[in-house]
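Right, one structure below, let's go through it.
The values are calculated or read from the model by the stated rules, or taken from the named source; none is laboratory data. Owing to the predicted nature of the structure, the values given are computational and were not obtained by experimental measurement. Cβ placement follows ideal geometry from the backbone for every residue including glycine, while neighbour counts extend to all protein chains displayed. Accessible surface is based on the protein model in full, side chains and every heavy atom, while ligands, DNA and RNA are left aside. Shrake-Rupley method; radii C 1.70, N 1.55, O 1.52, S 1.80 Å.
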Amino acid sequence: GDEWCIYPTYDYTHCICDSLEDITHSLCTKEFQTRRSSYYWLCNVLEIYCPVQWEYGRLNIGFNIMSKRKIAKLIAEGLVADYDDPRLFTLTALRRRGFPPQAINTFVKKCGLTGAQTQLDPAMLEACVRDELNLTADRVMAVLSPLEVEVCASEESLPYTVTVPNIPGLEATHPVTLTTSFHIDTSDFREAADKDYRRLALDQPVGLKHVGLVATVTDMMKDPDTGRVTKLRVKLAKLTGDNKPKAFIQWVCGGVAAEVRDYSRLFYHKCPEDPEQVPGGFLSDVNPDSLKVYDALVEERLANSPVYTSYQFERIGFYTVDQDTTGSRLVFNNTVSLREDSGKK
């Protein structure tokens, strides 16, 4: 009749839908363990096929949340863009960030199934991603914060072209060309070098990756208003046993402008939903600096890269072409960092 409006509850729809769809095993997380008896009871009362319900521990990953309802709150508050925001751990977000399916499968296999409630460190998943991309991602050079460099003298005739392997140990290669004007990363130059600093400074030369040349600063230009260094002039010498530098840095000649998005932990605490760790609730624990955007330069050959193509930006990390890329704007997401010595300078 139409006297009462009755809406089926989850306890009814769960088992009935599973039965109608010929589900063999209904795999649920531990919070549904108490519902197992009602699941079996209703199927038996209705005399319909009854699937098996199994429960297992939720795959919780630290410094993040997995609940759709709580992610919806993050979206509503403008703290993330959507369910595919690369800072989240939804499957669409992991795909957008560049996590290969093979790496996710490897991670799940390493974790195994358990009935216990666990909180895994995201570094374990990132290690699986890094291992996979190390075998499949082409190496390229990029500078996140470009600093212009002009060559005023060189022992090598410029332009100078060398062939570089796409992936070390494999046959595929690509050419890179150095001319009298190129860019390095701003972070790779200091006016004064301390004892721990190994890269370019006014009194310290640095090597340029792949080309076997050593750069020494002869002059620098600054913005008169901010004091920021805007341009360097250098001389280049051929690398020998007598002038071997402390470090080698990447560089980009010509290049294509790209928006590069770097990500860090979305939450400050490993368990943002734990009221003992975060009394103010998970929304109060969001890291406002979890996204940083750079106006970068990358090698010209990346200009027409398809969405979801992954690269290793030498000395920086692994990056993947984002879906926001257009014909006039190239966008990269930071996938994972490189495995490097944290004390390296």
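The residue that is surrounded by the most Cβ atoms within 10 Å (Cβ to Cβ), counting only those in segment 219-231 that are assigned to a strand (DSSP E or B) and over 31 Å from the mean Cα position of the chain (by Cα), is 220.
In segment 267-311, the qualifying residues are those that are of a type in the set (Phe, Trp, Tyr) and open to solvent by less than 30 Å² (accessible area, probe 1.4 Å), and the one that is nearest to residue 186 (Cα to Cα) is 311. Do we find a residue being out of contact with any helix residue (DSSP H, G or I) (no Cβ under 8 Å at 6 or more places or on another chain), more than 21 Å from residue 313 (Cα to Cα) and open to solvent by 30 Å² or more (accessible area, probe 1.4 Å) anywhere in segment 174-188? Yes, segment 174-188 contains at least one residue that is out of contact with any helix residue (DSSP H, G or I) (no Cβ under 8 Å at 6 or more places or on another chain), more than 21 Å from residue 313 (Cα to Cα) and open to solvent by 30 Å² or more (accessible area, probe 1.4 Å). Going through segment 240-266 one residue at a time, which ones are open to solvent by less than 20 Å² (accessible area, probe 1.4 Å), within 23 Å of residue 86 (Cβ to Cβ) and not in a loop (DSSP other than H, G, I, E, B)? If the condition is that a residue be open to solvent by less than 20 Å² (accessible area, probe 1.4 Å), within 23 Å of residue 86 (Cβ to Cβ) and not in a loop (DSSP other than H, G, I, E, B), then 258, 260 are the ones that fit.
Selection of first residues in segment 272-294 that are closer than 12 Å to residue 77 by Cβ and touching a residue at least 24 places away in the same chain (Cβ under 8 Å) and of second residues that are of a type in the set (Val, Ile, Thr) and assigned to a loop (DSSP other than H, G, I, E, B), restricted to Cβ pairs under 9 Å at least 6 apart or on distinct chains, gives the following pairs, ordered by first then second residue: 282/65; 286/80. Answer with yes or no whether residue 136 is of a type outside the set (Asp, Glu) and either closer than 18 Å to residue 253 by Cα or in contact with a Phe, Trp or Tyr (Cβ under 7 Å, 6 or more places away or on another chain) (or both). So residue 136 does not fit the description; no. Scanning segment 97-127 for residues that are out of contact with any Asp or Glu (no Cβ under 7 Å at 6 or more places or on another chain) and within 29 Å of residue 210 (Cβ to Cβ) yields 97, 98, 99, 126, 127.
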